[in-house]
Amino acid sequence: MVVSALFFSALSISSTANAISEISMSAERIEHAQGATKNTSLTLDLRDAQPKISLNSGFKAKSSPDWFQLKFNCSLTSNLASGRCGDGLVKGARLELPFSFELDRLSLQDKPNISATLTLNNASYSDEAGLHAAERFNGKFKLALQSMASGWAWQSQVDWLSGEVFWQPFYVAEGGHQLQASGTIIDGFLNIDVASLQVKNVGGLDVSGQLRLSDYQLLSLNGNAPSLDLAAAYPLLLKPMLDKSALSNIEVGGKAALQFAIKNAELKTFELDLHHVDIADINQKFAFYNINANLPWSYDEPKGIMFSFDSGELLNLPLAKTNIVATVNRFALTSNNIRLPILDGALSLSDVSAARIANQWYWHLRAKLEPISMADFSSRLSLPRMQGAASAEIPLVTYAGGMLTTDGSMQLKVFNGTATVSQLVMQNPLGTTPKLNADIALRNLDLGVLTRTFSFGAIEGKLDGDIKQLELQNWKPVKFDAVIQSSAGRYPRKISQRAVENISSLGGAGAAAAIQRSFLHFFNQFNYQAIGMSCKLRNDVCTMGGIASTPDGYVIVKGSGIPAITVMGYNQTVAWTDLLARIKRVTTGNTIIK
């Protein structure tokens, strides 16, 4: 060591009967290119058969403004082949490390070797940002070095006995963990022959590898974790890394096995196996039971993967036994068909392809919804009870660069009619500010089924609708041109008094009051020729219209025959929030007419 500056030092030697009994040295300050010390006091006591050495000093690294205090007392054998340092302490503003140190073996003859143990007792630490901390930490660190003809052989063991550690994002509340490792240091390479990490309640990981010491380049690392308990691993290791993801708040159980290989600091292969795993979202968004999976991956060659579960739920919809088979080719996944049984139907995905390119996801698929009972569907989702069945044909859906598009129109069969979605474009669908654009066409919806589904009043007939230039931002409508009207053709057209009242409340008071003032209140239902209403949404305001205009408003229901009634609307413009509130009232049976 080259000392650049030494300020005030003192050396004291005590002797008894012509023998040196004590050597003391003190220095007010010592500075070096790498750091500095202050108020240093060193004493070597030679009075007993076992020499004792004591040190008390302040020290700091050059790059740090913080000073630390170091003190210890050591007992050595006369030949310095072993020794023990007790009552050691390193202390700073946010650090307190009480320690003891044992030199178990020191030999400089023939093949030099050394063995030592460092013990920490109730250590504590925290950084200024609060991102790293330890409390009441107790642990042991053992290291042994043995000289060889071409280098060194080494063995180490780390025992985390007890104490809490927070190392963002991980928090470990208790000890009981151990790392054992051995290897060699030859020609500037650190070779790990075997390293075994045991994490309490979770399981073990065995690794081997090589590190180049000149630049700390990881040349190879092979790992094997044959049996991991996911119930213990999730809160300790997985949950902190899954924050703000769909898996951030789940309960999980079962076993997993993992193997991996890294070469030149790049992942080359891994294989994850899941055995009888259960995953359930705490907020009941999804659940999958008895998952079994074989998920291999290789940088150099395609791999087939398998994923299955016996049962599950998605948004309270039951899922039956499902088997998924796919191929992974580096950063791309393909599957000819994936079938997800749902209720009494299924969602079939075909032509599935996904790839990760330049840190962006690209994928496409086709989908078909096999008929699902709307009665079961609505009951499971706690919606008003619907009748009939729903099915859908979804053309090629493509996701690229944060944008989702469809190659064609999606058609759904609902309420004995059809709903067709075209010109669908979604921007940033999985982000914080998704945006959707589409056109929707409704044809021949059965008004009897539709009005029985919601608490609206009875209407017989069929309904068409067009919602053009629909624009949603963060899943809320900001723009559209919507028109609903009676379908063309011959069919019964009846409307109940309650439905008249509810329709009237959407466009303003009028018809309901007229009924109460005339003989019409004796009739429960009326004939009509046509029903229609329109809304042009701009800047959170709906410009309203009907099937015809009048000097005072617009016609919503045009009567026909006897008894007949015509329903007028008088509010030409309505705030979107007010219109939503009116719709909610009339569909929940709490009509308020103003």
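No value in this document is a laboratory result; all are computed from the given coordinates. Treat the numbers as computed from the prediction; the structure is a model and nothing was measured. Cβ: placed from backbone, ideal geometry, glycine included. Neighbour counts: every protein chain shown.
Can you check what the net charge comes to around residue 469, using other residues whose Cβ is under 11 Å from the Cβ of residue 469 (Lys, Arg +1; Asp, Glu -1)? Numbers along the way, then the final one.
Details: positive: 468, 479, 536, 538; negative: 439, 466, 471, 481.
So the environment of residue 469 carries a net charge of 0.
Residue separation times 0.36 nm, minus the C-alpha to C-alpha distance between residue 247 and residue 127: what's the value? Could the numbers behind the result be given before it?
Details: separation 120, 0.36 × 120 = 43.20 nm, distance 2.95 nm.
Computed gain between residue 247 and residue 127 is 40.2 nm.
Highest mean first, what order results for 358-364, 466-472 on Cβ atoms within 10 Å?
Working: 358-364: 12.0, 466-472: 16.7.
Descending packing order for the listed peptides: 466-472, 358-364.
Describe numerically, in nm with one decimal, the distance between label points set 7 Å from Cα along Cα→Cβ at residue 222 and at residue 529.
8.7
Can you tell me the equivalent ellipsoid semi-axes for region 190-317? Use √(5λ) from the Cα gyration tensor, largest first, whole Å.
Working: eigenvalues 196, 55, 38 Å².
Semi-axes from the Cα gyration tensor: 31, 17, 14 Å.
Grab the Cα-Cα distance for residue 136 and residue 236, subtract it from 0.36 nm times how many residues apart they are, and report the gain in nm with one decimal. Don't jump to the answer; show the numbers that get you there.
Numbers: separation 100, 0.36 × 100 = 36.00 nm, distance 1.88 nm.
Difference between extended and current length: 34.1 nm.
How much FRET efficiency would the formula 1/(1 + (r/R0)^6) give for residue 380 and residue 548, where r is the Cβ-Cβ distance and R0 is 60 Å, rounded to 0.05? Intermediate results must be reported in sequence, preceding the final value.
Numbers: r = 42 Å, r/R0 = 0.70.
Using R0 = 60 Å, I get an efficiency of 0.90.
Can you tell me, using C-alpha contacts under 8 Å and at least 6 residues apart, the relative contact order of region 331-414 as a whole percent? Working shown, then result.
Numbers: 189 pairs, mean separation 19.3, N = 84.
RCO, region 331-414: 23 percent.
How tilted is helix 576-587 with respect to the longest principal axis of the chain? Cα atoms for both, answer in degrees (0 to 90, nearest 10).
That helix lies at roughly 70 degrees to the long axis.
Percent of Cα-Cα pairs per 5 Å bin, from 0 to the last occupied bin, for region 162-211, please list those.
Pairs per bin, as whole percents: 5, 17, 20, 17, 15, 15, 8, 3, 0.
As I understand it, the value is the acute angle between the Cα axis of helix 497-507 and the longest principal axis of the Cα atoms of the chain; what does it come to in degrees, rounded to 10?
Computed tilt is about 60 degrees.
State, to one decimal in nm, how far the label point of residue 110 lies from the label point of residue 173, with both points 7 Å from Cα in the Cβ direction.
Roughly 5.3 nm, to one decimal.
Determine, for each peptide in 279-286, 195-202, the mean count of other beta carbons within 10 angstrom over its residues, then list the peptides with the highest first.
Details: 279-286: 14.2, 195-202: 16.4.
Final packing ranking: 195-202, 279-286.
Where does the chain land at 222 nm, in deg cm²/dmol rounded to the nearest 500, when only DSSP H runs of n ≥ 4 count, each adding -39500 (n - 2.57), divided by all residues? Provide the component values of the computation, followed by the final result.
Numbers: 6 runs with 48 residues, N = 594.
Only helices count here, giving -2000 deg cm²/dmol.
Taking K and R as +1 and D and E as -1, what net charge do the other residues with C-beta under 9 Å from the C-beta of residue 40 add up to? Display every interim value, and only then the final one.
Values: positive: 29, 38; negative: 28.
Combined, the nearby Lys, Arg, Asp and Glu give +1.
I'd like the distance between the alpha-carbon centres of region 85-130 and region 216-268, rounded to an integer number of Å.
31
Rounded to the nearest 0.05, what FRET efficiency is calculated for residue 101 and residue 166 with R0 set to 25 Å and r the Cβ-Cβ distance? The partial results should precede the final answer.
Details: r = 26 Å, r/R0 = 1.06.
Computed FRET efficiency for residue 101 and residue 166: 0.40.
Around residue 147, what is the net charge, scoring Lys/Arg as +1 and Asp/Glu as -1 over all other residues with Cβ under 15 Å from its Cβ?
Values: positive: 105, 111; negative: 110, 187.
Net of charged neighbours comes to 0.
Using only the Cα atoms of region 94-187, what are the Rg and Dmax in Å?
16.4, 49
Find the centroid of the Cα atoms in region 328-359 and in region 431-467, then give the distance between the two in whole Å.
If you average the Cα positions of each part, the centres end up 30 Å apart.
Quickly rank 123-130, 251-258 as a protection proxy: mean count of other C-beta atoms within 10 Å, highest first. Show your work: numbers first, answer last.
On the way: 123-130: 13.0, 251-258: 17.1.
So the order, starting with the most tightly packed, is 251-258, 123-130.
What is the chain's relative contact order, in percent, from Cα pairs under 8 angstrom and six or more apart in sequence? Present the calculation step by step, with values, prior to reporting the outcome.
Numbers: 1588 pairs, mean separation 23.5, N = 594.
It comes to 4 percent, rounded to a whole number.
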